[in-house]
Structure formats: C-alpha cells, structure tokens
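Here's the structure we're looking at; comments come further down.
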Amino acid sequence: MKKSYYQPEDLKNFGKINEWNKVLGSKFFDYYNSVFEEGSLSAREKSLIALAVSHVVQCPYCIDSYTKDGLQRGVEKEEMMEAVHVGAAIKAGAALVHGVQMMNKHDQLSM
C-alpha cells in the first residue's frame, strides 16, 4: 500500500510526459535544459534557486531532485537551508503585503 500521493519513483518517469505530446514536451525540455545551462548565473547558483523555489511551490519531486543536484555541485547543507529560508521569507512577505489590500478595503468600507 502506498503511503503518499507523491511517489519518489515517479520522478524517473518525468521524461515520459513527452510520449503523449512530443511537440510540447520537447519544447518544454528544450527550454528547461536551456534555463539550467551556465550563464550569468552558475549552475550551482541556479540549483540553489531551484531548491528554494521547489519549497515555495511545495513540489516534493523538485525538492528531491534539487537536493541531489545541489549535493553533486558541492552545495553545503547550511547553504541549502539558507536558500529554503529565503524562499520562505519571500512567500511569507508576499502573503503579508496583501494585508495592505485588506487594510485599504477595511478603511474604505468602514467610512
């Protein structure tokens, strides 16, 4: 019996999404692979960004993948956790800044 909706073994089948629509799947993978090539940011920096974003979007497959990728690129556990905290802070800030909308609406309706 499976214990979770997300199964780690499913990650190895990610490339199979191409099978049901080669045109769009190929375009996605071409784009995805291009994004992670060395550029203005190093592959190591991109891996840390991807790890932080993986936590913000709560993708267990991505978390597994970019934890492994980071380890292969020499990223230390403290760097990984700091990246996760950066993502968490941005997500929390994004939620809190919408409080201004609530404050404005409250003031508008309370007049």
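Peptides 56-64, 92-100: what's the order by average Cβ count within 10 Å, highest mean first? Don't skip to the end; give the middle numbers.
Numbers: 56-64: 14.2, 92-100: 9.4.
Result, highest mean first: 56-64, 92-100.
If you fit an axis through the alpha-carbon atoms of helix 60-72 and take the longest principal axis of the Cα set of the chain, what angle between them do you get, 0 to 90°, nearest 10?
Computed tilt is about 60 degrees.
Hey, any idea what % of the range 15-109's accessible area is carbon plus sulfur with a 1.4 Å probe?
Details: 4480 of 7100 Å².
Here it works out to 63 percent.
Ignoring ligands, DNA and RNA, what accessible area per residue does the chain give at 1.4 Å, in Å²?
Here the residues of the chain average 80 Å² of exposed surface.
For n ≥ 4 DSSP H runs only, could you compute -39500 (n - 2.57) per run for the chain, divide by its residues and tell me the 222 nm figure to the nearest 500?
Values: 5 runs with 74 residues, N = 111.
-22000 deg cm²/dmol, from helical runs alone.
Could you compute the FRET efficiency for residue 17 and residue 44, with r as their C-beta to C-beta distance and R0 at 30 Å, rounded to 0.05?
Working: r = 27 Å, r/R0 = 0.89.
About 0.65, to the nearest 0.05.
Quick check on the range 15-109: take the gyration tensor over C-alpha atoms, sort the square-rooted eigenvalues as a ≥ b ≥ c, and tell me if it's rounded (a/c under 1.5), prolate or oblate.
Working: a/c = 2.66, a/b = 1.51, b/c = 1.76.
The shape class here is oblate.
Can you give the angle from 0 to 90° between the axis of helix 22-35 and the longest principal axis of the chain, with both taken from C-alpha atoms, to the nearest 10?
80 degrees
At a 1.4 Å probe radius, which order do 17, 90 fall into by accessible area, largest first?
Numbers: 17 85, 90 120 Å².
From most accessible down to least: 90, 17.
In a GNM of the chain with a 10 Å cut-off on Cα contacts, which of 46, 91, 22 has the highest mean-square fluctuation?
Greatest mean-square fluctuation among the candidates belongs to 22.
Give me the angle, in degrees from 0 to 90, between the Cα long axis of helix 77-97 and the longest principal axis of the Cα atoms of the chain, rounded to the nearest 10.
On a 0 to 90 degree scale, this one is about 40.
Using a Förster distance of 35 angstrom, determine the FRET efficiency expected from the C-beta separation of residue 58 and residue 111, and round it to 0.05. Provide the component values of the computation, followed by the final result.
Values: r = 39 Å, r/R0 = 1.12.
So the FRET efficiency works out to roughly 0.35.
What FRET efficiency comes out for residue 92 versus residue 4 if R0 is 30 angstrom and r is the Cβ-Cβ distance? Round to the nearest 0.05.
Numbers: r = 26 Å, r/R0 = 0.86.
FRET efficiency, residue 92 to residue 4: 0.70.
Using unit Cβ charges (K, R positive; D, E negative) and no other charged atoms, how large, in debye to the nearest 20, is the dipole of the chain about its Cα centre?
On the way: 13 positive and 14 negative charges, 83 e Å.
Here the size comes out at about 400 debye.
Considering Cα pairs under 8 angstrom that are at least six residues apart, work out the relative contact order of the chain and quote it in whole percent. Walk me through the numbers before you get to the answer.
Values: 57 pairs, mean separation 23.7, N = 111.
Relative contact order comes out at 21 percent.
Going highest first, how would you order 47-55, 73-81 by mean Cβ packing within 10 Å? Intermediate results must be reported in sequence, preceding the final value.
On the way: 47-55: 20.4, 73-81: 12.9.
Output ranking for 47-55, 73-81: 47-55, 73-81.
The values are calculated or read from the model by the stated rules, or taken from the named source; none is laboratory data. The shown structure was predicted, so the numbers you read here are calculated from the model rather than taken from an experiment. Reconstructed Cβ throughout: ideal geometry from the backbone, glycine too, with neighbour counts over all protein chains shown. Accessible surface is based on the protein model in full, side chains and every heavy atom, while ligands, DNA and RNA are left aside. Shrake-Rupley method; radii C 1.70, N 1.55, O 1.52, S 1.80 Å.
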